[in-house]
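Data first, discussion second: the structure below is written as structure tokens.
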């Protein structure tokens, strides 16, 4: 009887996940479908398949909407922020899990508490501070803002890995004359590679899709990231009504994050699973 109930419960979970997956996939597939149409076909029927897929729509949208500058800004912003954020996250996690000092657990709980605080609460004071530092409307300022903040989720994932590494590994390194920094680089980081890859991927997705902070901090259209650029294009469509072009831009904007996740999905699944088991 228990097996039958467990089997029914599993099927209910699978059906629920399948329905949830459809709610995600159907809008994406609809946007891809529209992006391959002509404007005439779109206004005739928004759900019909295109007679002949118009792949040139992507080239036309790339040129006419000037997406190249937005992608360049995004590459600079995301690339620099990811590297700096990963370094800071590794240092924080290493300090909290491998270095013993008074107040360590309290500090860890305070970082975890930030998961329950919406980031929008810091919008006004952060904007005032960035203005005082003359870092508004600057890719450099946006990169600094996105890099120095501690991401509690990333710290939590890395803590699970670092806590499971035997302390004897470090003790032998200390006996050989290695300090904290050298031990972290040469001993700890190679052993925490799955966790670092997981943090790397989630940091990329978070930064690439970040809209609020670039929208607030950047005023010059030439400095827009891809997320803000897509918003600008969406606003223009109220006057141009080129919805096929808008969908083409959205597909182009989605591609980097989709490709990035597909290439590293195995490492992400392994990292999250192993990290949860170790944590």
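Things worth noting here:
- Selection from the range 24-46 of residues that are without any contact (Cβ under 8 Å) to a residue 12 or more places away in the chain, farther than 19 Å from residue 257 by Cα and assigned to a helix (DSSP H, G or I): 40, 41, 43, 44
- Whichever residue in the range 120-145 is assigned to a helix (DSSP H, G or I) and surrounded by fewer than 12 Cβ atoms within 10 Å (Cβ to Cβ) and, among such residues, is nearest to the chain's Cα centre (by Cα): 120
- Of the listed requirements (1) modelled with pLDDT of 90 or more; (2) surrounded by fewer than 14 Cβ atoms within 10 Å (Cβ to Cβ); (3) at negative phi, residue 113 misses just one: (1).
- Being more than 19 Å from residue 196 (Cα to Cα), free of Cβ contacts under 8 Å to residues at least 24 places away in the same chain and touching a helix residue (DSSP H, G or I) at 6+ places or on another chain (Cβ under 8 Å) is a property that residue 123 lacks.
- Among the residues making up the range 184-199, those that are more than 23 Å from residue 263 (Cβ to Cβ) and touching a residue at least 40 places away in the same chain (Cβ under 8 Å) are 184, 188.
- Residue that is surrounded by the fewest Cβ atoms within 10 Å (Cβ to Cβ), among those in the range 166-187 that are touching a helix residue (DSSP H, G or I) at 6+ places or on another chain (Cβ under 6 Å) and at pLDDT 80 or above: 187
- Against the conditions (1) at pLDDT below 90; (2) outside any loop (DSSP other than H, G, I, E, B); (3) out of contact with any helix residue (DSSP H, G or I) (no Cβ under 8 Å at 6 or more places or on another chain), residue 156 satisfies every one except (3).
- Single unsatisfied condition, residue 24 versus (1) more than 30 Å from residue 225 (Cα to Cα); (2) under 27 Å from the mean Cα position of the chain (by Cα); (3) exposed (fewer than 10 other Cβ atoms within 10 Å of the Cβ): (1)
- Filter result for residue 29 (loosely packed, with under 13 Cβ neighbours inside 10 Å and modelled with pLDDT of 90 or more): yes
- In the range 240-261, of all residues being assigned to a helix (DSSP H, G or I) and at pLDDT below 85, the one that is nearest to residue 33 (Cα to Cα) corresponds to 240.
- Pair list, Cβ < 7 Å and 6+ apart or interchain, from the range 47-58 residues that are at positive phi and in contact (Cβ under 8 Å) with a residue 60 or more places away in the chain to residues that are surrounded by 10 or more Cβ atoms within 10 Å (Cβ to Cβ) and assigned to a loop (DSSP other than H, G, I, E, B): none
The values are calculated or read from the model by the stated rules, or taken from the named source; none is laboratory data. If you're wondering where the values come from, they're calculated on a predicted model, not measured in any experiment. Here the Cβ is made from the backbone with ideal geometry for all residues, glycine too, and neighbour counts use every protein chain on show.
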